[in-house]
Amino acid sequence: MTLRSQINTDKLPSHVAIIMDGNGRWARQRGLDRVFGHQQGVKALREVIETAAELGIGYLTLYAFSTENWGRPGDEVSALMGIMVQSLNNETETLLKNNIRLRAIGDIDRLADEVKERLNETINLTSVGTGLTLVVALSYSSRWEITEAARRLSAEVKKGTINPDSVSEDDFEKYLTTNGIPDPELMIRTSGELRISNFLLWQLAYAELYFTDVLWPDFGEKDFYDAIIAFQKRERRFGKTSEQILEK
C-alpha cells in the first residue's frame, strides 16, 4: 500500500502550517555556504506546494522569513531577499497553472522595495485562483501581529466605535493579519527543533503539532504524506471526552 493511498481525502486538514527549518544545517553538513541551503529549500517548497494542491488542502501557510531573521548577517538577508524575488519570478506561472492563490502576512513594509513590488504583482495575478490558498509569512512574528491587533482594536475603542465590554475572540481575530483564513489544524516543523518560534501563536491554539528530524531541503512529498497520515490518526477533542466525540 502506498503512502498516498493511506490518506483519507475526506479527513484532510483544511489548513496546514509549516516552519521550514534546517536550510543552514543542510548546507553546513555538505561544507557549503548557508545560501546554498536556502536555494535547495526552494525545491522542497515547490514539491510541498504541488503536493498540497494535488491532495486538495485548502490553505498552506509557510514561515518563510521571521522578524527575528532580520538579525542575521547582512549578506545572508540580502541573499534571502534575492531568492524571494527569483522564486516569485519563476513560480508565478506555476501558481497560475495550478489554480493557486498567493497571500502574504507579516510586516511587509520592512521588505526591500523590489521584493514588495514583485510580491504584490504575484498576489494580484493569482487572486483569481480558487484552489489552494498559499499564505507566505514574511517579516512575520506572532507577538508583532498580536500587538498590532491590540493597538488597532484599542484605537477603535478610543474612538468609541467599539465597546470594550463586548469584545469577543471573533472580534479580536478581525484585526489579525490572518483575518478570513481558518486556523491551521496541522503544524509541521522540520529539522528536529521542538518549538513554534513565535509563529501563529493565536491561530495554533488547537492545531496538531508534528515534528520531524528531516531538514527542510530534504523534505518532500513522502514526508508531507507522513505528516498528514499522522494527523489523521489523532483524536481531536477540543476539550471534550472521547465518548462525546464518538457520539457525533
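The values are calculated or read from the model by the stated rules, or taken from the named source; none is laboratory data. Because the structure is predicted, anything quoted here is derived from the model rather than measured. Because the Cβ atoms are built from the backbone with ideal geometry, glycine has one as well, and the counts that use them run over all protein chains shown.
Just a few scattered comments:
- Hits in the stretch 29-81 (condition: touching a residue at least 24 places away in the same chain (Cβ under 8 Å), among the small types (Gly, Ala, Ser) and more than 14 Å from Leu215 (Cβ to Cβ)): Ala52, Ala53, Gly56, Gly58, Ala64, Ser66, Ala79
- Taken over the stretch 11-46, residues that are farther than 18 Å from Val77 by Cβ, modelled with pLDDT of 95 or more and either touching a strand residue (DSSP E or B) at 6+ places or on another chain (Cβ under 8 Å) or acidic (Asp, Glu) (or both) amount to 7.
- Index of the failed condition, Thr177 passing every other in (1) touching a helix residue (DSSP H, G or I) at 6+ places or on another chain (Cβ under 8 Å); (2) under 17 Å from Val48 (Cβ atoms); (3) not in a helix (DSSP H, G or I): (2)
- Residues of the stretch 55-81 satisfying the condition of being under 20 Å from the mean Cα position of the chain (by Cα) and in a helix (DSSP H, G or I): Leu55, Thr67, Glu68, Asn69, Trp70, Val77, Leu80, Met81
- Within the stretch 14-43, restricting attention to residues that are of a type in the set (Gly, Ala, Ser) and more than 14 Å from the chain's Cα centre (by Cα), the residue that is surrounded by the fewest Cβ atoms within 10 Å (Cβ to Cβ) is Gly31.
- The set of residues in the stretch 175-205 that are loosely packed, with under 13 Cβ neighbours inside 10 Å and under 21 Å from Ala155 (Cβ atoms) comprises Asn179, Gly180.
- Looking across the stretch 194-227, the residues that are more than 16 Å from the chain's Cα centre (by Cα) and either among the hydrophobic types (A, V, I, L, M, F, W, C) or farther than 18 Å from Ala44 by Cα (or both) come down to Leu194, Val214, Leu215.
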